[in-house]
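Comments concern the structure below.
Values quoted throughout were computed directly from the atomic coordinates according to the rules given, and no laboratory measurement underlies them. Since we're looking at a predicted model, the values are computed, not measured.
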Amino acid sequence: MIPTKKLADMYLCTDGLPIATSPLFRGYDSLETIEFQNRDPRMAMTFIVPGSTAFGEWVPADRSRFRGSSATRTGYMIRKFEDETVEATQFAGEYDSRSSGTARCC
């Protein structure tokens, strides 16, 4: 459940093009926040975007504090399925990866 840079780079820009060919992709900056701009909105639903709110708290734009910690080894943090309660801020939360419905066929 630790997202990688490869996964982040796979999200298309809002023009439908990959980052390698889209004029909307502005590259990476020292705070690593520009890479989230002009991207498929699902990216912000998967990753905790620096400068946003997660777990009821503001996430600093400088993600460097996440590297090497128990939170993530990649500098990226996952939002999808994440518990956004107070317990999660102390790494005591849970992932809700259960299906919300019953699978049906035919």
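Brief remarks on what is shown
- Taking amide H as placed 1.01 Å from N in the peptide plane, R39 has its amide H under 5 Å from the amide H of T14, each at least 5 places away in sequence or on another chain.
- Pairs of alpha carbons in the stretch 1-54 separated by more than 12 Å make up 64% of all such pairs.
- Under 5 Å from the amide H of I78 lie the amide H atoms of I48, each residue being 5 or more positions distant or on a separate chain, with H modelled from the backbone and absent for Pro and chain starts.
- Full extension of the chain between T33 and M10 yields a length gain of 6.7 nm, computed as 0.36 nm times the residue separation minus the alpha carbon distance.
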